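Asker: Just dropping this structure here.
The values are calculated or read from the model by the stated rules, or taken from the named source; none is laboratory data. Keep in mind that what you see is a predicted model, and the values were worked out from it rather than measured. Ideal geometry is used to build each Cβ from the backbone, glycine not excepted, and the neighbour counts take in all protein chains shown. We work out accessible area using only protein heavy atoms, side chains counted, and drop any ligands, DNA or RNA first. Shrake-Rupley method; radii C 1.70, N 1.55, O 1.52, S 1.80 Å.
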Amino acid sequence: MAIMRIFFAGASGVLGSRIIPLLVAGGHEVAGMTRSVEKVEAIRFLGAEPVVCDVFDLKTLEKAVLAFRPEVIFHELTDLPDDRLLLDEYKSANSRIRREGTRNLVASSRSVSARVIAQSVAWNLPGDGGKAVGDLEKMVLGAQGVVLRYGQLYGPGTYYEHEPPLPPRIHVSEAALRTADSLSAPSGVILIVEQAT
């Protein structure tokens, strides 16, 4: 596989913190985006060049992407609570990431002709959350990108650390490996779930 320059949005998340070391180990140059200055050293420790930027600030985002000149932009951003019981309170914020955040990342990708690989889900969400997932997928596929439909993550650092959830599901370490493998995938949808046994 060719060595690539990769701009990774969501670098400090449960998936990002596992995917970035895999990309770096593969010889790729990675910029890890976070909106929190406090996470800069953690991102540097993963082997990525830290970029402090808010995905909702389009002008600053475009400037950061243009400066790094990536060939691929990973969109692994979510706005979710640490406690699964608080998920309802974060629905609108997560939908905003899926709509406005995706729109800004896709717009930024055009200035450097980068391909977008974006996180989605492998189950149907009700109401506006489901519509936001549909909007994300439409934008990414419309830009000839790749949509990764993950099952519910389980394992260390997830909502299901000790007991796997009902399918569709995927262990977080396996999800990271399969995400890194998607780097050269053609435009389309990839299902990242455990196979039924």
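Asker: So T102 ticks every box in (1) in a loop (DSSP other than H, G, I, E, B); (2) crowded, with 19+ Cβ neighbours inside 10 Å but one. Which box is left unticked?
Answerer: Unmet for T102, out of (1) in a loop (DSSP other than H, G, I, E, B); (2) crowded, with 19+ Cβ neighbours inside 10 Å: (1).
Asker: When the stretch 105-135 is examined, which residues are found to be closer than 24 Å to Q152 by Cβ and either part of a helix (DSSP H, G or I) or basic (K, R) (or both)?
Answerer: Listed by number, the residues that qualify are L105, G127, D128, G129, G130, K131, A132, V133, G134, D135.
Every residue, every condition in (1) modelled with pLDDT of 95 or more; (2) over 27 Å from V121 (Cβ atoms); (3) acidic (D, E), yes or no:
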| site | (1), (2), (3) |
| --- | --- |
| P21 | yes, no, no |
| E38 | yes, yes, yes |
| I43 | yes, no, no |
| T60 | yes, yes, no |
| R69 | yes, yes, no |
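Asker: Being farther than 18 Å from L77 by Cα and of a type in the set (G, A, S) is the filter; apply it to the stretch 144-197 and report the residue that is surrounded by the most Cβ atoms within 10 Å (Cβ to Cβ).
Answerer: Selected residue: G155.
Asker: Answer with yes or no whether D83 is open to solvent by 40 Å² or more (accessible area, probe 1.4 Å), free of Cβ contacts under 8 Å to residues at least 12 places away in the same chain, closer than 23 Å to V133 by Cα and among the charged types (D, E, K, R).
Answerer: Here the answer is yes, as D83 does meet what is asked.
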